[in-house]
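These notes are about the structure you will find just below.
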Amino acid sequence: MFVTNAVSHALKLSENGFRVILIGGELKAATEAIVGNEAYAGLQKYNFTKGFWGANGVNRISGFTTPDINEAMIKECAMHHTTQRYVLCDSSKFHQISPVSFGEFSSAKIITDCLPEKDYELCDNLIIVDEEKG
């Protein structure tokens, strides 16, 4: 079973035969994400084994950031209820800081395309995915 606040993700998972729960709340048209107080309340019912989030910015001091307070609230809530946390971002997001934080840098494994800078090579929460190696 998958629980999501992303309409496009829910559709793709459903089309592939998975059971999907789409939380209720306000639809943010720009990102097709469900946000707001109702979404937050709905998420609090669940405990997750694994969770995946996107981030607009990743920084050791500010952590994981996004420009929208409502999306940050949902991401932070879901992260709090998840055992294994993964943030997906390409290396261009490192050192970027959006206005709202939703998690500390060390609170999740970060899946990215390459090492953003040498000063991150000692971080034990980075997973580098090399497209050429598959």
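At-a-glance table
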| quantity | calculated |
| --- | --- |
| Packing-based order for 26-38, 9-21, using average beta carbon neighbours within 10 Å, highest first | 26-38, 9-21 |
| Farthest positive-ward along the stretch 3-51 dipole, Cα basis, beta-carbon charges - from 46, 11, 30 | 46 |
| Formal net charge of residues neighbouring residue 2 (Cβ-Cβ distance under 14 Å; K, R +1; D, E -1) | +2 |
| Packing-based ranking, highest mean first, of 116-122, 62-68 given that Cβ atoms within 10 Å are counted | 62-68, 116-122 |
| Mean projected area in nm² (Cα convex hull; one quarter of hull surface) for the stretch 2-80 | 5.5 nm² |
| Counted charge near residue 59, where neighbours are those whose Cβ lies closer than 13 Å (Asp, Glu -1; Lys, Arg +1) | -1 |
| Mean shadow area of the chain, taken as a quarter of the surface of its Cα convex hull (nm²) | 8.7 nm² |
| Carbon and sulfur %, accessible surface of the chain computed with the full protein complex present, 1.4 Å | 50 percent |
| Ordering of 40-50, 93-103 by burial proxy (mean other Cβ atoms within 10 Å per residue, highest first) | 93-103, 40-50 |
| Residues of type lysines that residue 50 reaches as a straight line, Cα spacing below 25 Å, ignoring anything fewer than 8 places off in the same chain | 12, 28, 75, 93, 109, 133 |
| 3J(HN,Hα) from dihedral phi, the stretch 53-67, Karplus parametrisation 6.51/-1.76/1.60, rounded to Hz, x for glycine, proline | 9, x, 9, 7, x, 9, 8, 4, 8, 7, x, 9, 10, 8, x |
| The stretch 1-114, accessible area per residue, ligands and nucleic acids excluded (1.4 Å, Å²) | 57 Å² |
| Residue 53 long-range amide H proximity, modeled H, under 5 Å | 86, 87, 88 |
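The values are calculated or read from the model by the stated rules, or taken from the named source; none is laboratory data. Fair warning: this is a prediction, and the values are worked out from it, not measured in the lab. Cβ atoms come from the backbone with ideal geometry, glycine included; neighbour counts cover every protein chain shown. Side chains included, ligands, DNA and RNA excluded: accessible areas come from the protein's heavy atoms. Shrake-Rupley method; radii C 1.70, N 1.55, O 1.52, S 1.80 Å.
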